[in-house]
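Structure first, then comments.
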Amino acid sequence: MLRLYNTLSHTKEEFSPLDPSSIRLYVCGPTVYDFAHIGNARPQIVFDVLFRLLRHVYGDAHVTYARNITDVDDKIMSRAAEEGVAISELTVRTARQFHEDVTALGCLPPTHEPRATEYIPAMIAMIRRLIDSGHAYSAEGHVLFDVGSKPDYGKLARRSLDEMMAGARVEVAPYKMNPMDFVLWKPSSGDQPGWESPWGRGRPGWHIECSAMAESLLGDSFDIHGGGIDLVFPHHENEIAQSESVHHGAPLARTWIHNGFLQVEGEKMSKSLGNFFTIRDLLKDWPGEVLRFNMLRTHYRQPMNWTFHGLKESWTALERFYAVAEPVLATAVSADFLEALCDDLNTPLALSELHRARDVDLAGGLGLLGFSCVQDRIAAKPPMDPVAIADAIVARAAARKNRSFTEADRIRDDLAGKGILLKDGPDGTTWEVKR
RNA sequence: GGCCACGUGGCGGAGUGGUGACGCAGCGGUCUGCAAAACCGUUUACCCCGGUUCAAUUCCGGGCGUGGCCUCCA
């Protein structure tokens, strides 16, 4: 039995699919204008684990995972202008980098990966339906959603319209009926990307993109919608407002799942503090599977303190696991392991079960979590030529045989100084990179 | 200012109304020429103040601290 915490109800609920033969999951993907950072990696990994768990429970063929790519956005426009490149060049390049990064993190490709620009007609159609049903209005080239037309607006964020207005710091455009009304369509000037629409040449607002893509790929209602906790308001609240207004109140998603934020070394991640790390940079020194493991050591809803110390621990733990776990295709997992995962994706508890697990269960559990168990994948790059290391080991063995321990120790210390750690076992001497 | 989370031993991190998960580090031991690695064993905890209770780290209230949202944001 799978239980998931639902942001909508603020409780853990038993997960019961709308259709067990077709589980549908939607997760908000990246806006492609720059390299993804370590904070972006968390939802990708978390929802990849959820995807894998759903496939394990319901069967690979019965789970559909949609994750969008936002490739029309004001940040993209300004970045492209800064770099002096075409928007499409920037978005295609950044999307490719994103795919390389998440692949290195062990994430499966989603079933669908819609790009916003490919769904403009669906967005226009949805906006038109919102206008026709009295939930939206056009004004000065903009189309706005009328939050007053949705009585339960604020139900996900647990905030009433009055509360929002009290603390409102939103831009109060003169053409808005209500300050909280948000943009569905906005006009584009000649040099801005735009599409012809009944309201003139323009581009979609951010929120309508997800509503339209989700409808096209997953239908009016689906099982799970995920994303970072910062997306609860306004993005997900607005998605709900749009979709449910069009679909006559049918719930957009039954379960809403949000991952917590992470801090780096106990501080907010920011470029000015010098603790801003892209996935790309980290992959130069750390195997992707180590980054993944580290992420799963904290429950997805907990705030996470991301540290290099934790990364080292993760590497050590993974090496010890891989030393005994053979990469196998078998998907056997222990009951305790599965139970932990099924209890709202309790990965820290699941990982602790692996310390108790024997070979098959260990490999199966690691496999279900998206780990390869291939030692080479987490091997550190040796700081010197492996042949020279092997030669030194032979020389040291000879010295030891002659009981020239001073010479043997000199060789060992010499290698240690170069970052190579020797391990003497019953079957001879092996080495590993010192960390 | 409003709303919402979180606060567990040196570190990471589960969990629970009553027998102190688990991992890392540390310490002791086995092994070793000596180490390292590996293996075995092991010390240290529940932010503060009230309340409920036979019993609270666990429930309730208040406080303090940290973070998130209210504006683009994983």
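Here is how the numbers come out for the structure above:
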{"read-out": "Extreme residue, nearest to RNA strand B (Cβ to nearest atom), among residues of the stretch A:354-370 that are of a type outside the set (G, A, S) and surrounded by 22 or more Cβ atoms within 10 Å (Cβ to Cβ)", "value": "A:L354"}
{"read-out": "Criterion (within 14 Å of RNA strand B (Cβ to nearest atom) and farther than 30 Å from A:D230 by Cβ) met by exactly one of A:R301, A:R320", "value": "A:R320"}
{"read-out": "Selection from the stretch A:412-428 of residues that are more than 9 Å from RNA strand B (Cβ to nearest atom) and more than 39 Å from the chain's Cα centre (by Cα)", "value": "A:D413, A:D414, A:L415, A:D427, A:G428"}
{"read-out": "Residues being in a loop (DSSP other than H, G, I, E, B) and either more than 12 Å from RNA strand B (Cβ to nearest atom) or surrounded by 14 or more Cβ atoms within 10 Å (Cβ to Cβ) (or both) - total across the stretch A:4-23", "value": "10"}
{"read-out": "Residue that is surrounded by the most Cβ atoms within 10 Å (Cβ to Cβ) [pool: residues in the stretch A:70-112 that are assigned to a loop (DSSP other than H, G, I, E, B) and of a type in the set (G, A, S)]", "value": "A:G106"}
{"read-out": "Number of the exception - A:R96 against (1) basic (K, R); (2) closer than 28 Å to A:R52 by Cβ; (3) within 15 Å of RNA strand B (Cβ to nearest atom)", "value": "(3)"}
{"read-out": "Residue list for the stretch A:277-330, restricted to those being open to solvent by less than 10 Å² (accessible area, probe 1.4 Å), under 15 Å from A:G370 (Cβ atoms) and among the aliphatic types (A, V, I, L, M)", "value": "A:V290, A:L291, A:M295, A:L296, A:L318, A:A325"}
{"read-out": "Any hit, the stretch A:128-140, residues being open to solvent by 70 Å² or more (accessible area, probe 1.4 Å) and within 17 Å of A:P193 (Cβ to Cβ)", "value": "no"}
{"read-out": "Selection within the stretch A:24-48 - more than 14 Å from RNA strand B (Cβ to nearest atom) and open to solvent by less than 20 Å² (accessible area, probe 1.4 Å)", "value": "A:L25"}
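The values are calculated or read from the model by the stated rules, or taken from the named source; none is laboratory data. In this text, all values refer to a predicted model and were calculated from it rather than measured experimentally. Glycine also receives a Cβ, built like all others from the backbone with ideal geometry; neighbour counts cover every protein chain displayed. Remember, those area values only see protein heavy atoms, side chains included, never the ligands or the DNA or RNA. Shrake-Rupley method; radii C 1.70, N 1.55, O 1.52, S 1.80 Å.
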